[in-house]
Amino acid sequence: MMNKLSAVDWIALALVIIGGLNWGLVGVFDFDLVGTIFGAISAITRVVYILVGLSAIYVLAISKSSGSNRSSPGFTTVGGFCYHGR
């Protein structure tokens, strides 16, 4: 049986991916995509950054709580999310 992701899980995963890609762009190209889209010092940019940070904490918390699934046969855990291998 596969553990299904809730809407909150999907949103957190998407925000962590967006944050990771943005930091990659900042590190490699010195280009802040989120700042470019919403404005360098805008309130929306700050909200996006806060949501990305909270999502990272959420993903970290659920990855700690799903530790028991990691040793289950046929299951793979990626970033705290458990997937059934085929």
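Here, each number is a calculation from the coordinates, and none is a lab measurement. The structure displayed is predicted, hence computed values, not measured ones. Cβ placement follows ideal geometry from the backbone for every residue including glycine, while neighbour counts extend to all protein chains displayed.
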> Relative to the present Cα-Cα distance, how much length would full extension add between Ala61 and Asp32 at 0.36 nm per residue of separation?
Replying inline: 7.7 nm
> DSSP loop chymotrypsin sites (Phe, Trp or Tyr not before Pro) in segment 1-31 with at most 14 other Cβ atoms within 10 Å of their Cβ, which ones?
Replying inline: Phe31
> Once the Cβ-Cβ distance between Lys4 and Val47 is put in as r, and R0 is 30 Å, what FRET efficiency do you end up with, to the nearest 0.05?
Replying inline: 0.60
